[in-house]
Structures are given as structure tokens and as C-alpha cells.
């Protein structure tokens, strides 16, 4: 329920107290809803993050659900500090884990100047959180320079806590010989503050879009390795499995079963990721598996009470926390006047300086409304896909092509957009977040109008899964494999949103008054007992979008012999050529018929359009 913050947390009733809120929170006309109940603490407690993807300054837009996730990395640091203090007061253990994918997501990771390394600067702030176990993600492996940086800098900083149980990198040794070594460590054995022994692993799903000179091992092969069987031979107080892998319908049961064959009753805690959803399940009564969403929107919480020499089910709890100051203060019993820490303030200030150094605050214009990926139907005025394909790209291309005035039809993949645009200032960071992929606009001239208009529906009937290689007989490229992987994540996330929406509206209706007080957010149903969400929300509306979208059909005046420029992005050129040859037989098109349409690149279009149309 949406209460005024001052009625929920002490110390917020005065104007001077409200002035203490950070600017990105104080400027919000409606602040996040407080949690519904305190956390359940146990003997072992874990805070989990995953798929942060550079969202270290939080979600700063004012349209819901963004305020739910408005906490900065500095706020999170303060939360960790206070939770550690609470754990000490309660005389229990509190562990911190992260399941990977630190790269690729916002300007803090992707906005580095030429010659830099993705996320190298932002990871300096990630290092300042005292994680007990971190695991590698697939986004750490797309570019060798990123993996090398994680190996040489990030892993070394964490001194054995950064785990890559089935991922290696090839480097030169002291004798200038190439050797394949783990990016981090294979496993970690450590003792908690309370003296409990932990054996931890960091496992990556079977991912095959990795860069040259990085190597992944199948999970089923990893569990047969001597180092693995030796590592699980001795029984700890608990096994901690942290990895970039969905907790449902993936390879965790292979690792789980290998441990269970040796230790049938030892508690096993699994923290997954990659799928960008909130999820929980239990493989047996003495284990729990948890995934904590995406983009620093969610903190996962798990607790359990240990027992000795028992085979009975353990007492677990789990919770999905909205990542914002209201949540953090509620669960640490702090106010806006007592919550902040020097370390947290330094982190946020440092991130602001990095934002300034990368020029991420440069404002192209002011977006007049929210443009969303799936919350608005396509086509519609509130759809970012409609904006991109019917307004922004045609406008920019018309200003940057020698083909101006010649009728054209533009076709792009809907997967070219990564995130929503929200009403208000549209900055360089927003551009990098919403449309990061760098592709060229190319075209085939003089395509018969009748054939050109058949390409889009034929592409969508075939589906985006049908990606053809450029040359006959050529295998699937690494870029195609990477694209498939990212598309699978996005499709799974949309499926999850649809399921949330469907389940919510299948429930007995709540009172209109109660529903009116709920803000938009996640409404999670998972396979674990009890309610997982920390805050009550109404679910996000969700609409399916086609794989491919096109600009408005050009007006050719009814001329049956009219021709147009068929414009598309270079990533789908083989697919478009194949389709064009399938919808007509008058001519066989090939790569020699394709030319560059404009010097403008896909990741520049939104900024250029905003400068022209939103000022």
C-alpha cells in the first residue's frame, strides 16, 4: 500500500528530515511503497544479487515501476553495512553472493571512451561490497579484453572469492607460454563468522557465444573432474552453489545430485541468475534455489535454521526485495537521517564522477512521454518500437542519406532495443541503455514494391530463430549464437511477465480501494511456500511484440511497377536477402546488391532524433 514515507519510518515528518533524502529520491513525486513485513532471520542468512548489468546508480526515472529500483550502489553498500550490524546483534551469519553479468547494460559499463574496457571503471565500485562468493556470467565472456580484466583485476582483488568452476581463459605464463587457467577460482572453502564451514562453487550454464581464448566446460563433465570430487569429499556445514544459470529447467540438478550422492542431508543453498526473473524452488527439503531478477531491481534474501544429524526438512525463508532506500531503511530500522554511511556516500559520489567523466548526463532532448517495450502494444504511440521504426530512424536516415526522396521501406529486428525510454530528460546514458547495439543501415535499391511489402510478414512467419549464414554452407557465427542467447533471455522474461499478469487477474478480485493503492511492480509466483515478494504491487501490463517491425508503407501512388529502397540493418542481411528471394522469382538477390544507406549507426539514432524532435 502506498503510504506517505513519514507515516511509516521515524524521523520523516519534518521538512528538514525530507531534505536529507538524496536528490534522485527527493525529486520523485511518489516514493516507493514500504515492505509489507519484516524479514525472517535464521542461523544462516544470505543477500543475493545477479545480472546487475551496470545499474549501479539505480533507476532514476519517475514513472513507475522505476522508483521501486531507485537505490544506488552506495545505498546498497549502506544497507549491507547495517545488515551486517544486525546479524552481529542477532549473533547469526550473513553472507553476500553475486551470480554474475556485471557487463553490458548502462553507460556506466558501456560508455567508456575509446581504448577502455567495458565495466572496468564501474567494477571498482562493485569491489567495495564485501561479497563472500561471486560467480562469472556470460556477459563477462563476450569480449576477451573483458574476461582478461576480470581475471587480472577483479578476481585478484577478491582473493579466491570470484569463482569460475567451469570457465577458463588462455593467457601467457611467466615463460611466455600460453596456458588455460580458471578466470577466477574453481571453488572456495571458508568459515563463517560463527565458525560454520562452507564449500562454494561458481557455475556457468552451457553457453557457447564466448570469445576466442576463453573456454567453457559442460556442467556434466565438470562434476566428473578430480578437483570437483575432491572438493566435495569432506562434509561442510553447508554447500553454497552460486552461478549464472536459471534455477529452473537447467543444469543445477546435475551439481546438486553429484553432491547428494556423497552427502545426502547436508544443506545446499543455490543462487542462480541469467534469466532476469525472480524465481525459487526446492530440489529437496534441505535445499533452496533462488534467483534475484535483473538490473539491480531486486535483492534476493534467503535464510535457514540449521540442525544437527537430522534428515528432516529445514526451515527456509526467501524474499524478493525492491532495491530502494525505503526498503533498505525499513529492514535496517534506520531513518533517512541515520541510514547513510561514509562508504556509501563515497561510492555514490564516485559513480557520479564516473558518469560525468563518461559524459553520460549529456541531454539530447526531453522525451514527451514513456515509450516502453512490452507495456504498450505495438504499434501504438507509447511503444518504443513504434517510435524507433516509424519516427526516429526514418527521420534520422532522411537527414543522413544520399537517397533522400526515393521511396523506402525500413525493416529492423525488435530485439534491437534493450530498455524503455521514460518521460523527461533523454541523456547519453538513456541512449546507451535503450539502444546499445552497433549496426549499419544498408539497403537494396529498386526492389519491386509488391515484393518489398511481402518481406516483413514472411520474416515474422519464419520467426527470428531462422537466422541464415551469409554464405551457403557456412555455419552459425558467434554473433548469431550471442544474439540467440540474449533473445532467449528476453523472451523468457516476457513469458514470466505474462504469467504474472495472468495469475494475478485469475485471483479473486480485491477491493477497488486496495488495488488503487498498489503501485506497478513485480507480482511473483514461484514454487516455494509462502509469499516471496517483499512489497505488494499490481503487475506490469505486457503485450507480445513481433520479431521484426517496419516503417510505414511508402506511398507509390498505386503504380504497379513502382520500386523502393529496401532498407535494413546489417545484422539481418542474410535473412532479408533469403526472404526477398523467397517472395519473388524475377531476380535472385545476393550480397553484391547490398549497399550502405547512411553513415548513421543504430546506436546513434535515438540521440540524433531527440536533438531534432525533442528540443
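For residue 294, the conditions (1) modelled with pLDDT of 95 or more; (2) part of a loop (DSSP other than H, G, I, E, B); (3) over 30 Å from residue 492 (Cα atoms) all hold with the exception of (3). Under the condition of being in a helix (DSSP H, G or I) and touching a helix residue (DSSP H, G or I) at 6+ places or on another chain (Cβ under 8 Å), the residues counted in the range 328-347 number 9. Identify the residue in the range 295-329 that is crowded, with 22+ Cβ neighbours inside 10 Å and out of contact with any strand residue (DSSP E or B) (no Cβ under 8 Å at 6 or more places or on another chain) and, among all such residues, is farthest from residue 59 (Cα to Cα). The qualifying residue farthest from residue 59 (Cα to Cα) is 329. Of all residues in the range 586-611, those that are without any contact (Cβ under 8 Å) to a residue 12 or more places away in the chain and not in a helix (DSSP H, G or I) total 2. Between 24, 103, 82, the distinction of being in a loop (DSSP other than H, G, I, E, B) and either in contact with a helix residue (DSSP H, G or I) (Cβ under 7 Å, 6 or more places away or on another chain) or at pLDDT below 95 (or both) belongs to 103 only.
Taking first residues from the range 481-510 that are under 30 Å from residue 212 (Cα atoms) and partners that are surrounded by fewer than 17 Cβ atoms within 10 Å (Cβ to Cβ), the Cβ contacts under 7 Å between residues at least 6 apart in sequence or on separate chains come to 481/208. Checked against the criterion of being in a strand (DSSP E or B), more than 30 Å from residue 605 (Cβ to Cβ), assigned by TED's automatic domain parsing to the domain that holds residue 265 and out of contact with any helix residue (DSSP H, G or I) (no Cβ under 7 Å at 6 or more places or on another chain), the candidates 317, 310 yield just one match: 317. Checked against (1) buried (at least 21 other Cβ atoms within 10 Å of the Cβ); (2) at positive phi, residue 576 meets all criteria but (2). Taken over the range 93-125, the criterion of being surrounded by fewer than 21 Cβ atoms within 10 Å (Cβ to Cβ) and out of contact with any strand residue (DSSP E or B) (no Cβ under 6 Å at 6 or more places or on another chain) is satisfied by 112, 113, 114, 115, 116, 117, 120, 121, 124. Of all residues in the range 129-151, those that are closer than 27 Å to residue 433 by Cα and surrounded by fewer than 17 Cβ atoms within 10 Å (Cβ to Cβ) total 2.
The values are calculated or read from the model by the stated rules, or taken from the named source; none is laboratory data. Because the structure is a prediction, the values reported are computed rather than measured. For neighbour counting, all protein chains shown are included, and Cβ atoms are generated from backbone atoms with ideal geometry for every residue, glycine included.
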